[in-house]
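The values are calculated or read from the model by the stated rules, or taken from the named source; none is laboratory data. All values derive from a computational prediction rather than experimental measurement. Cβ sites come from the backbone with ideal geometry, for glycine too, and all protein chains shown count toward neighbours. Just so you know, the surface numbers come from the protein's heavy atoms only, side chains and all, with ligands and any DNA or RNA stripped out. Shrake-Rupley method; radii C 1.70, N 1.55, O 1.52, S 1.80 Å.
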Amino acid sequence: MSKTIPVVEKILSANDELSEVNRSRFDAARVFAMNFMASPGAGKTSVIEQTLKRLGDDLRLGVIEGDIATTIDAERVQEAGAMAVQINTGGNCHLEAYMIRDALSQLSLDELDMLVVENVGNLVCPANFKLGTHKNVLIASVPEGDDKPYKYPGMYRGVDVLILNKTDLLPYIKFNMDYFREGVEILNPGLTTFPVSCHTGEGFDAWIAWLREQAEAMRSQS
Amino acid sequence: MHELPVTQSILDIALRHANEAGATRIKDLYLVIGQLSSIIDDSVQFYWDIISEGTIAEGATLHFQRLNAEMHCAVCDLDYRLQEDQFACPQCGNTHVQLVSGDEFYIESLEVETDETPSSDNA
Ligand SMILES: Nc1nc2c(ncn2[C@@H]2O[C@H](COP(=O)(O)OP(=O)(O)OP(=O)(O)O)[C@@H](O)[C@H]2O)c(=O)[nH]1
Ligand SMILES: [Mg+2]
Ligand SMILES: [Zn+2]
């Protein structure tokens, strides 16, 4: 005979569950973990480099670099002083929780205070796959244009922090800040936003202060 | 772009629920997908036909229920649908609006066949 089975289960529940396991590892090691998402070339690696430069020695930052191929980005952040692991997704357009679990076996979380996962450059897919990080950080950049919240609502909706990079280019590019902010505000009311420039260093003080706050809160958790 | 792992998840979940229910064949799958979940029906169906081969889900039909992104304006109480380049309330222009639906991404139900006869009442 034929019958209907009610399911009502989220399609990515397996990934979600694994992300919870990753999260508990970060929590146990008191490592504040972030997932950097952005379109290709928005400046994810540049923001990591600039952050490393400004953090000082008291906060140790580790990096997991997700790329389709190559180890260029891992080498860049290693040069800037981070402990880094490269994941090559072999064509996959986003990272998944199991890839982070595997990468963690090559990192000593106990020696870190913070971890950045640089996701594959892509504004569509990464938002759907939780990694277990504490904060999803979207790095937008001025030359991408002010209409990106409207075109990629899923991404803008799924993040906890927004970095708007390349503000040094504002004088040269048609970018309506009000239009951009309006789209962001509707999708993600009150989203914590840091306008920065990796070239001039503008805006990094606020971002670093926020990072320190997060890492401190993590450390002092009982 | 990530339809393959998504389709794999759909298959895993469907097979698990079907096995628990003692099903011998999965005939239909009902999926609910919000406008903000970027998934292309056709490529899910394409992968489905390949990866469900040889399982009890082979040949099952996928039904996609698409939910629009529905908004509610907290200022003038208007309900409206999210438009491509205009998110603010079309009536009062306010940005104090909430997304009511559009994020969904789940399997609602399965239609399966079991060996049981309608009269049998095994537990
Ligand atoms: N003008 C300007 N250029 C920047 C800024 N930040 C980064 N760039 C440039 O943008 C380009 C891409 O920077 P990356 O940091 O490699 O970007 P990414 O997001 O890591 O790129 P992928 O990992 O390849 O997706 C480089 O040429 C940088 O020099 C900035 O603040 N201003
Ligand atoms: Mg990079
Ligand atoms: Zn209104």
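Observations on the structure shown:
- Counted residues, segment A:180-211 - those being in a helix (DSSP H, G or I) and either crowded, with 17+ Cβ neighbours inside 10 Å or within 16 Å of ligand 2 (Cβ to nearest atom) (or both): 12
- For A:L55, the conditions (1) more than 15 Å from A:T133 (Cβ to Cβ); (2) at pLDDT 95 or above; (3) not charged (D, E, K, R) are fulfilled apart from (2).
- Segment A:35-94, residues that are within 14 Å of chain B (Cβ to nearest Cβ), more than 8 Å from ligand 1 (Cβ to nearest atom) and open to solvent by 30 Å² or more (accessible area, probe 1.4 Å): A:I68, A:G90, A:G91, A:N92
- The one condition in (1) surrounded by fewer than 16 Cβ atoms within 10 Å (Cβ to Cβ); (2) at pLDDT below 90 that A:D110 fails to fulfil: (2)
- Beta carbons closer than 7 Å, at least 6 apart along the sequence or on distinct chains, pair a first residue in segment A:138-149 that is more than 9 Å from A:K166 (Cα to Cα) with a second that is open to solvent by less than 10 Å² (accessible area, probe 1.4 Å) and part of a strand (DSSP E or B) for A:L138/A:M37; A:L138/A:L162; A:I139/A:F36; A:I139/A:I163; A:I139/A:N165; A:K148/A:A140.
- One residue alone among B:D103, B:D85 is open to solvent by 40 Å² or more (accessible area, probe 1.4 Å) and in contact (Cβ under 8 Å) with a residue 24 or more places away in the chain, and that residue is B:D103.
- If you go through segment B:72-96 and pick out every residue that is more than 8 Å from chain A (Cβ to nearest Cβ) and aliphatic (A, V, I, L, M), you end up with 3.
- Filter result for the condition that a residue is away from chain A (no Cβ under 13 Å) and of a type in the set (S, T, N, Q), over B:S43, B:S52, B:S101: B:S52
- Contact map, segment B:11-29: residues that are farther than 9 Å from B:L110 by Cβ and more than 7 Å from chain A (Cβ to nearest Cβ) paired with residues that are open to solvent by less than 30 Å² (accessible area, probe 1.4 Å) and assigned to a strand (DSSP E or B), Cβ distance under 8 Å, separation 6+ or inter-chain. Pairs shown: B:L15/B:I26; B:G22/B:T114; B:T24/B:V112; B:T24/B:T114; B:R25/B:V112.
- Within segment B:36-56, residues that are in contact (Cβ under 8 Å) with a residue 24 or more places away in the chain reach partners that are in a helix (DSSP H, G or I) and open to solvent by 70 Å² or more (accessible area, probe 1.4 Å) with beta carbons closer than 6 Å, at six or more positions or on different chains, in the pairs B:Y47/B:L4.
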